[in-house]
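One structure is given here, and the rest of the page talks about it.
No value in this document is a laboratory result; all are computed from the given coordinates. Treat the numbers as computed from the prediction; the structure is a model and nothing was measured. For neighbour counting, all protein chains shown are included, and Cβ atoms are generated from backbone atoms with ideal geometry for every residue, glycine included.
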Amino acid sequence: MSSDCIFCKISNGEIPAKKLHEDADLIAFWDLSPQAPKHFLVIPRKHLCGPEAITPEDEALIGKLLRVGGELARANGAEHYRLVLNNGAEAGQTVFHLHLHVLGGRPLTWPPG
């Protein structure tokens with residue numbers, strides 16, 4: 001945990017969030033600034049600054065992050081969805097705690113951004 005990280009604060013209950021899922025490893029909650037009708041985030045409780053911080057020891061956690069993201073998308077009415085991980089400010093990362101964006105509920109064009 002990082003004491004100044006907003007997602008760490010959401011994870012440990014200091015900041016409220018509209019949660020979809022919570023377990024010992026992950027928490028998922030609706031995005032406050034949705035870019036699609038279905039837009040939520042899945043984050044590990046473990047503080048990782050972003051995808052570049054993933055180590056071989058984190059592989060099972062990242063697999064679970066992706067699996068849970070897909071399960072929650074389907075459970076919340078998005079049969080077709082996009083999973084996004086941003087790495088660094090130039091890629092659009094604004095909170096430096098690894099987080100998976102799950103977007104769906106409308107046609108998504110390519111390329112994004």
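A helix-only calculation puts the chain at -6000 deg cm²/dmol for mean residue ellipticity at 222 nm, using -39500 (n - 2.57) for each DSSP H run of at least four residues, averaged over all residues.
Taking a ≥ b ≥ c as the square roots of the eigenvalues of the Cα gyration tensor of the stretch 41-113, is the shape rounded (a/c under 1.5), prolate (a/b larger than b/c) or oblate? Intermediate results must be reported in sequence, preceding the final value.
On the way: a/c = 2.39, a/b = 1.29, b/c = 1.85.
Since a/c reaches 1.5 but b/c is at least a/b, the shape of the stretch 41-113 is classed as oblate.
Taking the chain, the Cys residues with no second Cys beta-carbon under 4.7 angstrom are CYS49. Longest stretch of the chain clear of exposed loop sites (GluC sites (Glu not before Pro), DSSP loop, at most 11 other Cβ atoms within 10 Å, sites excluded): 15-78. Averaging the sequence gap over all C-alpha pairs within less than 8 Å and six or more residues apart, then dividing by the number of residues, gives the stretch 6-104 a relative contact order of 31 percent. Between GLY50, GLY92, GLY70, the Gaussian network model of the chain with springs among Cα atoms under 10 angstrom shows the greatest mean-square fluctuation at GLY92.
Computed over every Cα-Cα pair of the stretch 8-71 and binned at 5 Å starting from 0, the pair-distance distribution P(r) comes out as 4, 16, 28, 25, 19, 7, 1 percent. Rounded to whole numbers, the Karplus 3J(HN,Hα) couplings from phi for the stretch 69-80 are x, x, 4, 5, 4, 5, 5, 10, x, 10, 5, 10 Hz, using 6.51 cos²θ - 1.76 cosθ + 1.60 with θ = phi - 60°, and x at Gly and Pro.
How big is the dipole moment of the chain about its Cα centre under a simple scheme where the beta carbon of each Lys and Arg is +1, that of each Asp and Glu is -1, and everything else is neutral? Debye, nearest 20, please.
Numbers: 11 positive and 13 negative charges, 92 e Å.
For the chain, the charge dipole is close to 440 debye.
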